[in-house]
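Down below is the structure, laid out as structure tokens.
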Amino acid sequence: MSAWDQEPMPGLGRDDLDHDLIKRWLDPVGERQTDSKLRSLGVLTEYGGELVPTRAGIILFGREREDYFPDAQIRCVRFRGTDKSHPIGARDDLQGTILEGIQAALGFLERNTDPVPVITGRAQRQQLDPYPPLAVREVLNNAVTHADYAVGGASIFLALFSDRLEISSPGTWPPGFSREDFESGVSLRRNKAISRVLTRLEIIEGYGSGFDRITTACQADGYPQPEWIENGPQIKVVLRPHPASGLSSPTPAIPERAQRSSQARMTTEERHAAVLAAIDELERPNTVDIQRRTGIPTRSLGRDLGSLREAGVIEFVGAPQTGFYRRK
């Protein structure tokens, strides 16, 4: 069965592709632009006895991409605080194809952040980006590769907050695929033609190494590990700034002994209020997340969560290992 992005675009012809643009991308990897090559990549296909562009061809190289897939782009915006209530300036909808948008998004991030000075163990001063550039690029590459372009009104979205960077792409994990599969290196391509083109252009590697490349890039220079969140009809990756940047403002740690003493004095009503506040504040919280936020002992927290579920105040959504709590 053909993937969505390999389907033909009836009524269009090969001249609806920007062949100068295709040449600019193929030349650096030593490929000649021929109809045979474009067919093998999934950019052209035969329909009604004629060669016509595929959906992937128009998304990646279409002359009038905006007429057919106006949401196939990367949108960037910076916010003043930690939520979306105060955007700084107009939203930056990056021009050009989605391939050009990857580099443009990195440029947006560079323009809107300052380097972080770091003192190394050799008494040398160096500068780091507040967010790991290799990991950011890899997240964007993966977003372009795996986004569900059939979802209308949704684009790849880069949101820069005062304490984090979020990159969202439309579409959930493909059927039969999970976050655990992604983390273990299993490769399942939603967009077969787009994936093939990006692999040939050496933008991505074709064997499920994205998770390892992202986490290794973060670990190499001491950045926090990113978070992958299935947030409704989208996948969101949250990247936290380098600890030396001073941008993040984590909740001060409470000594364990003091925490146990404090929580032991809480009434049931106070514990329930703390649990509900944590569920409201955290994104897709599981039991461990709630316990870390509230400090309620594990056994007491289990009883509290059970009571709140029985009362119909909260519910648990998803599989036992990957699900989360939310208010009903």
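None of the figures in this text is laboratory data; all of them are computed from the coordinates on show. Here the structure is a predicted model, which is why all the values come from computation and not from measurement. Note that each Cβ is placed from the backbone with ideal geometry, even for glycine, and that neighbours are counted across all protein chains shown.
Amide H to amide H, which residues 5 or more places from TYR47 or on other chains are under 5 Å from it, using H placed in the peptide plane?
VAL52
Report ³J(HN,Hα) in whole Hz for each residue of region 295-306, in order, from the Karplus equation J = 6.51 cos²θ - 1.76 cosθ + 1.60 where θ = phi - 60°; Gly and Pro get x.
In residue order, the calculated couplings are x, 5, x, 4, 5, 5, 5, x, 5, 5, 5, x Hz.
Using amide H atoms built in the peptide plane, which far-off residues or other-chain residues are under 5 Å from VAL116 H to H?
LEU128, ASP129
Below 24 Å, Cα to Cα, which lysines can LYS236 reach? Residues fewer than 8 away in the same chain don't count.
Of all the lysines, those that pass the test against LYS236 - Cα under 24 Å, at least 8 places apart if same chain - are LYS84, LYS192, LYS328.
Ranked from highest to lowest mean number of other Cβ atoms within 10 Å per residue, what is the order of the peptides 192-202, 8-18?
Peptide ranking by packing, descending: 192-202, 8-18.
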